[in-house]
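Accompanying notes for the structure given below.
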Amino acid sequence: MGKPTGFLEFTRELPGKSSPAERIKHYNEFVEKYNTEKLNQQSARCMNCGVPFCHSGCPLGNIIPEFNDAVYRKSWKEAYEILSSTNNFPEFTGRICPAPCESACVLGINQPPVAIEEIEKHIIEIAFENGLVKPRKPNVRTGKKIAVVGSGPSGLAAAAQLNYAGHSVTVFERDAQPGGLLRYGIPDFKLEKNVIERRVALLEEEGIVFKCNSNVGVDININDLMREYHAIVLAGGSTIPRDLPVTGRNSKGVYYAMEFLKQQNQRVSNEKIKVEEILATGKNVVVIGGGDTGSDCVGTSNRHGAKSITQFELLPKPSSSRTPFMPWPTYPMILKTSSSHEEGAERHWAIATKEFIADEKGHLKELSIVDLEWKLTDDGRPAQFVEIAGSERKIPCELVLLAMGFVHPQHEGLVKELGVDLDERGNVKASEKEFQTNISKVFTCGDMRRGQSLVVWAISEGRECARKVDEYLMGSSLLETKDESLLHAVI
């Protein structure tokens, strides 16, 4: 380990950020970098635990103590090789992952955990700066052709791994550019799109072909793909948003969060917006939904110059720290204040929207809302609610953004035409171990299989799915699984 007493000498410090007043003037990333001394100190805090729970906390099985040690020694090539052995895209997870590894950090039992996510981001950026990141080209091609449908994190990870195994991979994307949720769902102030473009360029150098503006099941006949390719990977994500079907839902001014966020990402990328524009400028904005997507709507609305921003959550306000029902090393459902919240927004919990109220022209002007009282289960989870009598009221609002999550992948088109089975939640059905659908040559991964989840889980799913596709085509696979990565870390 780097420094045995590091965790006693240094406390957790995160890099500085531009002030909220300054950063809402633009859409660029605003988190600064550690200087060499701070990076060295933060990596020194890793204790090289006898049982490093951070491994199991990470869906990818990142070998965290080892790359922390390499960072402490300034061995950048070694640090990069360790990190990239389990994570195809640390530049993504180092920016937008909620870091379940940090929740499982042993130091986090009684001190702030190691700043694993920031260290990860610094490793990959230093690797790019020093020319350590090079295309991973296979030595031999197998002659097998694979179609990956969807270029989000799971599709990109599956494509990268399958290409490295020697197969010829084509990625089909219905939008104008690759990236899926990374490009069109995550705002630029959290993930600048040149970071995605840099990685896509590398994947193209490795031999992966990207076909954008190609909606399989609409522009491209699925039967043609079934004939042309030896295997198909469905990685289209969970794209059907959860609705709020109350009176006035069709009022002009009520939109899904992704409609709003996608448009802004298109503006920043100078893409043409082909539908009516959604802007928060000068409006009273209400964001319904308390998760990351809702937070992204808050940050974007601030940059638009909204008159006011209010965020509602149906559930009660979370605890600010772990409770007996959220023991270490589980991922705690505690109150989070994002950088977007720092920029300005009113947050309210246990609120239900009763009605969207429009003016005579159909434009939204008010919301009717009510406070809720929640009954909790014995383990502290919200179970059912009742409306608090006399708390119903109206508030001014010209723009509502529904950020309540996603229910399942799109069924119309590709999924229906293929005839793949669906599970009880409406996701494409495939076992967690095999990733294979009821059609033998068709596999699925990411949110399309497991439902709405984290980017880091999507990358993990893409990697594991690629291994199973490789085994299906070749009878065996040399692609490493998460379990094998953890075994090597222990050895």
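Some notes on this structure:
- The range 230-241, residues that are closer than 28 Å to TYR184 by Cα and more than 19 Å from the chain's Cα centre (by Cα): ALA231, ILE232, VAL233
- When ILE273, ILE278 are screened for being of a type in the set (A, V, I, L, M) and either over 30 Å from GLY294 (Cβ atoms) or surrounded by 15 or more Cβ atoms within 10 Å (Cβ to Cβ) (or both), only ILE278 passes.
- Hits in the range 318-358 (condition: among the polar types (S, T, N, Q) and over 23 Å from ILE96 (Cα atoms)): THR323, THR353
- In the range 436-450, the residues that are assigned to a loop (DSSP other than H, G, I, E, B), in contact with a helix residue (DSSP H, G or I) (Cβ under 8 Å, 6 or more places away or on another chain), of a type outside the set (Gly, Ala, Ser) and more than 12 Å from ALA231 (Cα to Cα): CYS445
- ARG347 assigned to a strand (DSSP E or B), in contact with a helix residue (DSSP H, G or I) (Cβ under 9 Å, 6 or more places away or on another chain) and basic (Lys, Arg): yes
- Residue within the range 367-388 that is touching a residue at least 60 places away in the same chain (Cβ under 8 Å) and either in a helix (DSSP H, G or I) or buried (at least 19 other Cβ atoms within 10 Å of the Cβ) (or both) present: yes
- With respect to the conditions (1) under 16 Å from MET448 (Cα atoms); (2) of a type outside the set (Lys, Arg); (3) over 18 Å from the mean Cα position of the chain (by Cα), ILE146 falls short on a single one, namely (1).
- Just one of the listed residues (MET333, MET404) is crowded, with 17+ Cβ neighbours inside 10 Å, assigned to a loop (DSSP other than H, G, I, E, B), among the aliphatic types (A, V, I, L, M) and within 29 Å of the chain's Cα centre (by Cα), namely MET404.
- Of the criteria (1) within 23 Å of the chain's Cα centre (by Cα); (2) under 19 Å from SER477 (Cα atoms); (3) outside the structural domain of ARG450 (by TED's automatic domain parsing), which one VAL140 fails: (1)
- Helices (runs of 4 or more DSSP H) lying entirely in the range 177-228 (those with 3 or more residues that are more than 17 Å from the chain's Cα centre (by Cα) and within 24 Å of VAL420 (Cβ to Cβ)): 222-228
The values are calculated or read from the model by the stated rules, or taken from the named source; none is laboratory data. Predicted, not measured: the structure shown is a model, and the values here were computed from it. Note: ideal-geometry Cβ built from the backbone for every residue, glycine included; neighbour counts use all protein chains shown.
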